[in-house]
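**Q** I have a structure I would like to understand better, so I am pasting it below and will then ask my questions one at a time.
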Amino acid sequence: MSRWRGVLFDKDGTLIDFNATWVPATVETARAVAALAHADPKALAEREALTVKLVGMIGYDMATRSLNPESLLARGSLGEIAALWARAAGIDAKRGAIERIGLEFRNRAVGMASPLYALDTVLGGLRARGLRLGVATMDSTQSARMTFASLKVDHLLDFVTGFDGGHGEKPGPGMVQGFCAAMGIAPSQVVVVGDSLHDMVMAKAAGAGLAVAVLSGVAGHEHLAESADHVIAGIHDLGKLLDRLAVPA
């Protein structure tokens, strides 16, 4: 019998194409925030300058179209970004500003969600092995669930939690522990799969049996290799890795 009983995935950069989803959602949400801060429709230059500033604050450079893999956009929560932007735009005193920004962000990200692979095939194949599947993301729980529902793969996931799901935030161990408690399995029986150092640190902190980094997100091999047990191109290679590990040396 296989040692592994569950797989806990990160969402963005692991299951969902980060650049195709969050970069345009970020820019468009920043423009909406800038419009709130500069209500005069003639203040176009001020709006665009604030847009550039806001996305730059969380790690995305609009001029070079590059993203810092350790930035707030890559590893932070939707709530952190919304609060930071509300303060930076000078609209934090406006009633519901942070909630409105979070809602704008969520709706755009869900609408733009682009899967990295044929998730029904990959996730279905893992479930056929008898594995329980979960997702741990720094997006909101509702946003994550809406995303998987819109992609019609929510029925393949046994557990979904975000930064607000009651299990703490990455890189703490809580999301892995929550998955294990819900599935009735031990951390040593869980494979954690993600595209960031936060995912790998979370796995180690929880005592997960295996920490697997994927190169489908914003970080490269040299950035992840020291913290991961294995590095693969993407989740489509996970089954082959598990097969290889099951073969006695």
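**Q** For region 196-226, name all the residues that are outside any loop (DSSP other than H, G, I, E, B) and either over 21 Å from Gly174 (Cβ atoms) or at pLDDT below 95 (or both).
**A** First, the residues of region 196-226 that are outside any loop (DSSP other than H, G, I, E, B): 197-206, 210-214, 221-224.
Within region 196-226, Leu197, His198, Val214, His221, Glu222, His223, Leu224 meet the criteria.
**Q** Got a number for residues in region 34-59 being small (Gly, Ala, Ser), surrounded by 16 or more Cβ atoms within 10 Å (Cβ to Cβ) and not in a helix (DSSP H, G or I)?
**A** Residues flagged as small (Gly, Ala, Ser), surrounded by 16 or more Cβ atoms within 10 Å (Cβ to Cβ) and not in a helix (DSSP H, G or I) within region 34-59 amount to 1.
**Q** Another question about this same structure. Could you please give the count of residues in region 227-246 that are outside any helix (DSSP H, G or I) and either in the same structural domain as Pro69 (by TED's automatic domain parsing) or of a type outside the set (A, V, I, L, M) (or both)? Spell out how you get there, then give the answer.
**A** Our first condition is that a residue be outside any helix (DSSP H, G or I); within region 227-246, this holds for 227-234.
Pick out the ones that are also either in the same structural domain as Pro69 (by TED's automatic domain parsing) or of a type outside the set (A, V, I, L, M) (or both) and you get 227, 229-230, 234.
Number satisfying all stated conditions: 4.
**Q** Residue by residue through region 130-145, note down the ones that are under 14 Å from the mean Cα position of the chain (by Cα), outside any loop (DSSP other than H, G, I, E, B) and of a type outside the set (Lys, Arg). Steps first, please.
**A** Step one: filter region 130-145 for residues under 14 Å from the mean Cα position of the chain (by Cα), giving 134-145.
Filter once more, so that each one left must be outside any loop (DSSP other than H, G, I, E, B): 134-136, 141-145.
Of everything in region 130-145, those that are under 14 Å from the mean Cα position of the chain (by Cα), outside any loop (DSSP other than H, G, I, E, B) and of a type outside the set (Lys, Arg) turn out to be Gly134, Val135, Ala136, Thr141, Gln142, Ser143, Ala144.
**Q** Name the single residue, out of those in region 97-131 being touching a residue at least 60 places away in the same chain (Cβ under 8 Å) and touching a strand residue (DSSP E or B) at 6+ places or on another chain (Cβ under 8 Å), that is nearest to Asp243 (Cα to Cα).
**A** Ranking the qualifying residues of region 97-131, first place goes to Leu126.
**Q** From Arg100, Arg127, grab the single residue that is modelled with pLDDT of 95 or more and either part of a helix (DSSP H, G or I) or closer than 30 Å to Met183 by Cα (or both).
**A** Details: Arg100 fails: modelled with pLDDT of 95 or more.
Criteria check complete, one pass: Arg127.
**Q** Sort out which residues of region 128-155 are within 21 Å of Val190 (Cα to Cα) and surrounded by fewer than 16 Cβ atoms within 10 Å (Cβ to Cβ), and write them in order of number.
**A** Ala128, Arg129, Gly130, Asp154, His155
**Q** Restricting attention to region 72-90, which residues are modelled with pLDDT of 90 or more, surrounded by 15 or more Cβ atoms within 10 Å (Cβ to Cβ) and part of a loop (DSSP other than H, G, I, E, B)?
**A** Answer for region 72-90, where residues must be modelled with pLDDT of 90 or more, surrounded by 15 or more Cβ atoms within 10 Å (Cβ to Cβ) and part of a loop (DSSP other than H, G, I, E, B): just Ala89.
**Q** Among the listed residues Asp61, Asp12, which satisfies the condition of being in the same structural domain as Gly209 (by TED's automatic domain parsing), under 20 Å from the mean Cα position of the chain (by Cα) and modelled with pLDDT of 90 or more? Talk me through it step by step, then tell me what you get.
**A** Details: Asp61 fails: in the same structural domain as Gly209 (by TED's automatic domain parsing).
Going through Asp61, Asp12 in turn, the sole match is Asp12.
The values are calculated or read from the model by the stated rules, or taken from the named source; none is laboratory data. Source: prediction; values computed, not measured. Every residue, glycine among them, receives a Cβ derived from its backbone with ideal geometry; neighbour counts consider all protein chains shown.
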